[in-house]
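Colleague: The structure that follows is given in the form of structure tokens.
The values are calculated or read from the model by the stated rules, or taken from the named source; none is laboratory data. Bear in mind the structure is a predicted one, so any value in this text is a computation, not a measurement. Cβ sites come from the backbone with ideal geometry, for glycine too, and all protein chains shown count toward neighbours. In case anyone asks, the SASA skips ligands and DNA or RNA and just uses the protein heavy atoms, side chains included. Shrake-Rupley method; radii C 1.70, N 1.55, O 1.52, S 1.80 Å.
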Amino acid sequence: MIEIDFLPVGDGSRSGDAIAVRIRDDHHDRPKVIVIDGGYADDGEALVEHIRDVYETSVVDLVIGTHSDSDHVNALTVVVDRLTVKEFAVHRPWPYTAELARSA
């Protein structure tokens with residue numbers, strides 16, 4: 001079973017993304033938890049609370065930061081500080097900037 005929660009972030013005049021995923025199957029003793037983006041820094045605590053209260057865990061198997069805009073990744077610092085994160089994947093455009101500049 002896969003649960004995907006799209007959490008509200010921002011204050012209405014600005015929005016962002018915070019997605020939490022829980023994957024349960026019969027082959028693992030505990031569900032896998034994935035966080036994709038986290039919203040603004042102010043949204044981090046709500047994301048942590050969601051994982052602790054709804055998913056009933058303090059372990060996140062994978063955090064993914066899709067890109068460096070503040071409405072996507074700033075709250076991930078709270079997730080990393082307050083929960084146990086096993087893996088962190090982040091968008092890294094800088095290794096490709098020269099190649100992108102040549103193709104533009």
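Colleague: In what sequence, highest mean first, do 49-60, 75-86, 24-35 appear when ranked by Cβ atoms within 10 angstrom?
Modeller: Taking the mean over residues of other Cβ atoms within 10 Å, the ranking is 75-86, 49-60, 24-35.
Colleague: While we're looking at this one, here's another question. Going by amide H atoms built from the backbone, whose H comes under 5 Å of the H on H67, apart from near neighbours?
Modeller: H91
Colleague: Pull up the DSSP beta bridges for the chain and report the antiparallel fraction as a percent, rounded to 5.
Modeller: Counting only bridges with both partners in the chain, antiparallel ones make up about 55 percent.
Colleague: If you count only protein heavy atoms with a 1.4 Å probe, what accessible area per residue comes out for the chain, rounded to a whole Å²?
Modeller: Heavy-atom accessible area per residue stands at 63 Å².
Colleague: Sticking with this one: Please list the radius of gyration and Dmax for segment 1-58, considering alpha-carbon atoms only, with Å as the unit.
Modeller: 12.4, 43
Colleague: Moving on. Can you tell me the length gained on complete extension of the stretch D5 to H91, counting 0.36 nm per residue apart and subtracting the Cα distance?
Modeller: 28.8 nm
Colleague: While we're here: Dividing the alpha-carbon Rg of the chain by 2.2 N^0.38 Å yields what?
Modeller: 1.18
Colleague: Would you please state which residues of segment 58-85 a label at A41 would reach in this model, taking the label point 7 Å out along Cα→Cβ and a backbone N cut-off of under 11 Å?
Modeller: 74-75, 77-78
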